[in-house]
1. Yes or no: segment 107-129 includes at least one residue that is without any contact (Cβ under 8 Å) to a residue 24 or more places away in the chain, among the hydrophobic types (A, V, I, L, M, F, W, C) and in a helix (DSSP H, G or I).
2. Would you confirm whether or not segment 79-94 contains a residue that is open to solvent by less than 20 Å² (accessible area, probe 1.4 Å), of a type in the set (S, T, N, Q) and touching a residue at least 60 places away in the same chain (Cβ under 8 Å)?
3. LEU193: in contact (Cβ under 8 Å) with a residue 40 or more places away in the chain, within 23 Å of LEU129 (Cα to Cα), surrounded by fewer than 17 Cβ atoms within 10 Å (Cβ to Cβ) and not acidic (Asp, Glu), yes or no?
4. Quick check: anything in segment 117-138 among the aromatic types (Phe, Trp, Tyr), open to solvent by less than 20 Å² (accessible area, probe 1.4 Å), within 20 Å of GLU5 (Cα to Cα) and under 14 Å from the mean Cα position of the chain (by Cα)?
5. Scan (1) without any contact (Cβ under 8 Å) to a residue 40 or more places away in the chain; (2) open to solvent by less than 10 Å² (accessible area, probe 1.4 Å) for the single condition PHE162 breaks and write down its number.
6. Would you be able to say whether some residue in segment 20-42 is open to solvent by less than 20 Å² (accessible area, probe 1.4 Å) and touching a strand residue (DSSP E or B) at 6+ places or on another chain (Cβ under 9 Å)?
7. When both residues are 6+ apart or on different chains and their Cβ atoms are under 6 Å apart, which pairs have a first residue that lies in segment 196-220 and is over 14 Å from TYR127 (Cβ atoms) and in contact (Cβ under 8 Å) with a residue 60 or more places away in the chain, and a second that is surrounded by fewer than 14 Cβ atoms within 10 Å (Cβ to Cβ) and not β-branched (Val, Ile, Thr)?
8. Quick check: is even one residue across segment 46-68 out of contact with any helix residue (DSSP H, G or I) (no Cβ under 8 Å at 6 or more places or on another chain), part of a loop (DSSP other than H, G, I, E, B) and on the phi < 0 side of the Ramachandran plot?
Amino acid sequence: MHIAEGFLPPVHAAAWSAVAAPFVIHGAREIKRTIERHPESKLLLGGVGAYSFVLSAIKLPSVTGSSSHPTGTGEGAIIFRPPVMAALGTIVLLFQALLLAHGGLTTLGANVMSMAVVGPWAGYGVYRLMRRAPLSVAVFCAVAVSDLMTYVTTATQLALAFPDRATGFVGAWSRFLGLFAVTQIPLAIVEGLVGVLLMNALRSWAGPELAGLGFGRDRGLDAGVAVSADVEAKEASRA
């Protein structure tokens, strides 16, 4: 759930915007550097942003009265690193607030922190920690954790803004987490599986671009078999 327009107290909204701003500025610089160093990755960069926009715009009603959706940011963090997703995620959230009334402008900073900063960093951290695991397993866990940590952060933001009168922050936090868990845990599993399918497809369709970005080098993949297969195919056609 993106936090809706006007839902947070003004002080909280301003504070989250101030916290998110440095991440977004750094991310914008990283996008510029990436394009300068790897101009061939522009299409892939746009595709990652579009993927996140579509997935996070799919709002599913929750049986607990809230709504849940995938995020699509874990995959981008694996390919381009988390700083890039901070800027891309901000663009996604801004367009959703303006065009779909999903989220809001006053709550943009809070939504950026949960979906474009904490989620991508958590997922990327899991991906790096699991570098000895099979790629599909690492991608699945990273994407699922990125999704779940987005909602843990949102629950934290809401609990800070609206603590329970009797149990304070802890009681409110537990309640918000419970509201999201019913639908978000299955969604995180599904998004993890979709992320694995997407990454396998990209290794076939965009192998050279992934190789240029350094994807898979920490696993000895050198961007996967797809790159070498593509080179071999080109050499065969020339012969």
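The values are calculated or read from the model by the stated rules, or taken from the named source; none is laboratory data. Since we're looking at a predicted model, the values are computed, not measured. Note that each Cβ is placed from the backbone with ideal geometry, even for glycine, and that neighbours are counted across all protein chains shown. To get the accessible areas, we keep the full protein, side chains included, count just its heavy atoms, and leave off ligands, DNA and RNA. Shrake-Rupley method; radii C 1.70, N 1.55, O 1.52, S 1.80 Å.
1. Yes - at least one qualifying residue is present in segment 107-129.
2. No - not one qualifying residue is present in segment 79-94.
3. Taking the combined requirement at face value, the residue satisfies it.
4. Looking through segment 117-138, none of the residues is among the aromatic types (Phe, Trp, Tyr), open to solvent by less than 20 Å² (accessible area, probe 1.4 Å), within 20 Å of GLU5 (Cα to Cα) and under 14 Å from the mean Cα position of the chain (by Cα).
5. Here PHE162 meets the rest and fails (2).
6. Checked against the condition, which is being open to solvent by less than 20 Å² (accessible area, probe 1.4 Å) and touching a strand residue (DSSP E or B) at 6+ places or on another chain (Cβ under 9 Å), segment 20-42 yields no hits at all.
7. These pairs meet every condition: GLU209/GLU40.
8. There is at least one residue in segment 46-68 that is out of contact with any helix residue (DSSP H, G or I) (no Cβ under 8 Å at 6 or more places or on another chain), part of a loop (DSSP other than H, G, I, E, B) and on the phi < 0 side of the Ramachandran plot.
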